[in-house]
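The values are calculated or read from the model by the stated rules, or taken from the named source; none is laboratory data. This structure is a prediction, so every number in the text was calculated from the model and none was measured. Here Cβ is always computed from backbone atoms with ideal geometry, including for glycine, and neighbour counts include all displayed protein chains. These area figures cover heavy atoms from the full protein model, side chains too; ligands, DNA and RNA do not enter into them. Shrake-Rupley method; radii C 1.70, N 1.55, O 1.52, S 1.80 Å.
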Amino acid sequence: MKKVYFALNKISDIVCTILTILAVAIVVINAGSVFLQVINRYIIVKITSLSFPWTDELSRFSMIWLCYVILPIVYREGAMAQLDLIFDRLGKKGKMTLYVLTRILCIAFIVIAVKYGFYIVKTRMIYKSPIMRAPGYMLYSAPIFGCVLTGYEIITEAIGVFSGELEPFYAGQKRQFVFWKKKGGNEQ
């Protein structure tokens, strides 16, 4: 089971690297569109008749996508908000029981979210955004994307916990994702 965990974790490293690059690109696009909108509202419109109405729509959609692109990385690192009042007081068996229960609930939520996400995408196939004319499936598939990758991280973590490599509720401390590394493999 440890070999499966290490293989899944290696794939997770690659996915997290790609997601980090994608997140940086989305942040740059978002910041650029917001900056252009501010410049447009206070300077460009007063000088010329040029207008950039698409910047508002682009910034909204990029913020939504950013949330779902970052979600798997946040889960992997254990950076999501959690209340440790209960599980810190439990013994090893109690922690494992609570861990299994919460992960089953997480997977159930993800299955429901993906199922209804596909339904929403299917119903919005003919939709196009008002200004940019972006297709509906591009706009409404962000939750599916984020939930599928988060589900992968949940399964990877669970296999790590059951194989004894990770500790329940503290797996993120060992699975920290490091994008930048110094020469020689030392973490920065």
Please give every one of the lysines within straight-line cross-link reach of K174, meaning a C-alpha to C-alpha distance under 20 Å, and leave out same-chain neighbours fewer than 8 residues apart. K2, K3, K10, K92, K95, K182
Out of region 115-177, which trypsin sites (Lys or Arg not before Pro) are coil in DSSP terms and have no more than 12 other C-beta atoms within 10 Å? R133
Taking R0 as 45 Å, what's the FRET efficiency between T48 and M80 from their Cβ-Cβ distance, rounded to 0.05? 0.45
Per 0.36 nm of contour for each residue apart, how much would the distance between I131 and V27 grow if the chain were fully extended, relative to their Cα-Cα spacing? 35.4 nm
Cα-centred dipole magnitude for region 78-188, charges only on beta-carbon of K, R (+1) and D, E (-1), debye, nearest 20: 320
Heavy atoms of V178: accessible area, 1.4 Å probe, square angstrom to 10: 40
Magnitude of the Cβ-charge dipole (Lys and Arg +1, Asp and Glu -1) of the chain about the Cα centre, nearest 20 debye, reported as 220
Quick one, could you list the DSSP H helices from the chain stretching 27 Å or more along their long axis (Cα atoms) with average Kyte-Doolittle hydropathy of 1.0 or above? 2-39, 92-123, 142-162
GluC sites (Glu not before Pro) within region 104-171: which are DSSP loop residues with at most 14 other Cβ atoms inside 10 Å? none
The chain, helix-only ellipticity at 222 nm - DSSP H runs n ≥ 4, -39,500 (n - 2.57), divided by all residues, nearest 500: -23000 deg cm²/dmol
Quote to one decimal, in nm, the extra length available between K92 and K174 on full extension: 0.36 nm per residue of separation minus the C-alpha distance between them. 27.7 nm
Suppose a student asked you for the relative contact order of the chain, using Cα pairs under 8 Å spaced at least 6 residues apart; what percent would you report? 30
Rounded D (µm²/s) - the chain, Kirkwood Rh over Cα pairs, Stokes-Einstein at 4 °C, 1.567 mPa s: 68
Just T17, T55, T123 to compare: in a GNM of the chain, with alpha carbon springs under 10 Å, which one fluctuates most? T123
